[in-house]
Amino acid sequence: MEKQRHTPSRLRVLILGATALCAFILLGINALDRRTRNGSEPTNAAPAAEPAYYTTAHAQQTQRAEASGTAQQDITSSRRNAIVRAVEQVEPAVVSITVTQIIQTRLFPSIFDDPFLRHFFPEFRRNYQRKVYGIGSGFIINEDGYILTNEHVIENAQEIMVTLTSGKQVKAKVVGADSRLDVALLRIDEENLPYAVLGDSDDLIIGEWAIAIGNPFGFVLDKSKPTVTIGVISAFHRDFESRLQERIYKDMIQTDAAINQGNSGGPLVNSNGEVIGINTFIFTGSQYSEGSIGIGFAIPINKAKKVTDELLRYGRIRDFWTGISIQNVDWLIAQSLDLESTDGAIISQIDSGSPGEEAGLQVGDIIKQVNGEKVENTDDVIRAFAEGQVGDVYTLAIQRKGRELEMKLELKEVSP
């Protein structure tokens, strides 16, 4: 009787165990079949679970790639845009310039410059020399080591050191400079150098990309590689005058690309990787703020080309002359000549055999325009000729006894 009660219980246990084993085997076969269909080989280690956000992003990326086939290539290509390519072309040619100047200073102010004090305390008048260091930027324009920069960067320099993007430092010498245009040409004794391609500053579009490359604040950042900032061409034909330094800036290029201390002399580049200007100065917010506020100016590269050609050919900037003297038109002159206004500059003298005489100008002619720009007084004429070079031809619109005439005046070199 005892044996009959336990037999059915054992049988049920055996049946349930066999059923569970079969189910486990079937689940394993199904899993193996699914992995085989997906192209995967069974492994002993289970793959690590990926975070949900990564799996979702990966799935989305896979769907985009399957849809286009070139999505990732497009993203990579979009990063290497025209700005990046332009920087890669010009950056190796940008250099940092460090200058050493010797200036004379007096230990005591001029209030001590008194005869009595000078007699008993001669040291009050003694001048002392001290070194002053300046910084700036420049760019190599050919493989022979010629470098363009601003004249104010190397003005009165006793020593000029150029640092290449490789970190190598080389002494530079001044080939020549034009202080009026604020352009200087240097040279270093190196060969096979990377150089920048010079573009055409007469072919600019307001709103096109502008890239400023240079070394702001010198080596404060402790790197020889230049800094890159971008903006647009904000305007051109901006005119300024610096009477203190006797420099005249005409037809300047305005940009909002950030330009700071140490950027002077560096290149302003277009999206084609061509230099279109030399970064020169900025407007700041106030006398207490010296940083960029997005108003910077560059010398058009076409002007720098003319200076470079003149220096390479003649070793100097040749002086020119016109042979004419001018004065303002006051009300007495206007009334005597029956003029409607005092606008213009009247020719008061012409030298014999001068370019002015050869152009057909006469005493009493009133210059109303120079190269299409209106003349209100003698300062306008002086500014118009300030950028002239030997060989340039100027177009003068003059008024002579009620008639409007146009004359061509060629600038000629001053005789030695």
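The values are calculated or read from the model by the stated rules, or taken from the named source; none is laboratory data. None of these values were measured; they are calculated from a predicted model. So basically every Cβ, Gly included, is an ideal-geometry build from the backbone, and we count neighbours across all protein chains shown.
Restricting region 366-387 to residues that are more than 34 Å from the chain's Cα centre (by Cα) and without any contact (Cβ under 8 Å) to a residue 40 or more places away in the chain, the residue that is farthest from residue 249 (Cα to Cα) is 366.
Give me the residue from region 151-168 that is surrounded by 13 or more Cβ atoms within 10 Å (Cβ to Cβ) and farther than 14 Å from residue 132 by Cβ and, out of that set, modelled with the lowest pLDDT. Can you show your working first?
First pass over region 151-168, keeping only residues surrounded by 13 or more Cβ atoms within 10 Å (Cβ to Cβ): 151-155, 157, 159-165.
With farther than 14 Å from residue 132 by Cβ added as a condition, the list becomes 151, 161-165.
On the way: 151: 94, 161: 95, 162: 94, 163: 93, 164: 93, 165: 90.
Within region 151-168, the match that is modelled with the lowest pLDDT is 165.
Taken over region 180-191, residues that are modelled with pLDDT under 90 and under 21 Å from the mean Cα position of the chain (by Cα) amount to 1. Only residues that are in contact with a helix residue (DSSP H, G or I) (Cβ under 6 Å, 6 or more places away or on another chain) and closer than 22 Å to residue 414 by Cβ were counted across region 322-355, and they come to 6.
Applying the condition of being surrounded by 20 or more Cβ atoms within 10 Å (Cβ to Cβ) and in a loop (DSSP other than H, G, I, E, B) to region 290-327 and asking which residue is modelled with the highest pLDDT yields 322. Give the residue that is farthest from residue 314 (Cα to Cα), with candidates limited to residues of region 161-179 that are over 21 Å from the mean Cα position of the chain (by Cα) and among the β-branched types (Val, Ile, Thr). For region 161-179, the residue satisfying everything is 170. You will find that of 234, 224, the residue that is in the same structural domain as residue 257 (by TED's automatic domain parsing) and assigned to a loop (DSSP other than H, G, I, E, B) is 224 and no other. Entry remark, region 382-416: residues being within 24 Å of residue 337 (Cα to Cα) and assigned to a loop (DSSP other than H, G, I, E, B) number 2 in total.
Just the residues that are surrounded by 14 or more Cβ atoms within 10 Å (Cβ to Cβ), outside any loop (DSSP other than H, G, I, E, B) and touching a residue at least 60 places away in the same chain (Cβ under 8 Å), please, taken from region 187-208. Quick ask: steps written out before the conclusion?
We begin by selecting, within region 187-208, every residue surrounded by 14 or more Cβ atoms within 10 Å (Cβ to Cβ); these are 187-188, 190, 193-196, 198-199, 201, 204.
So of that shortlist, the ones also outside any loop (DSSP other than H, G, I, E, B) come out as 187-188, 198.
Answer for region 187-208, where residues must be surrounded by 14 or more Cβ atoms within 10 Å (Cβ to Cβ), outside any loop (DSSP other than H, G, I, E, B) and touching a residue at least 60 places away in the same chain (Cβ under 8 Å): just 198.
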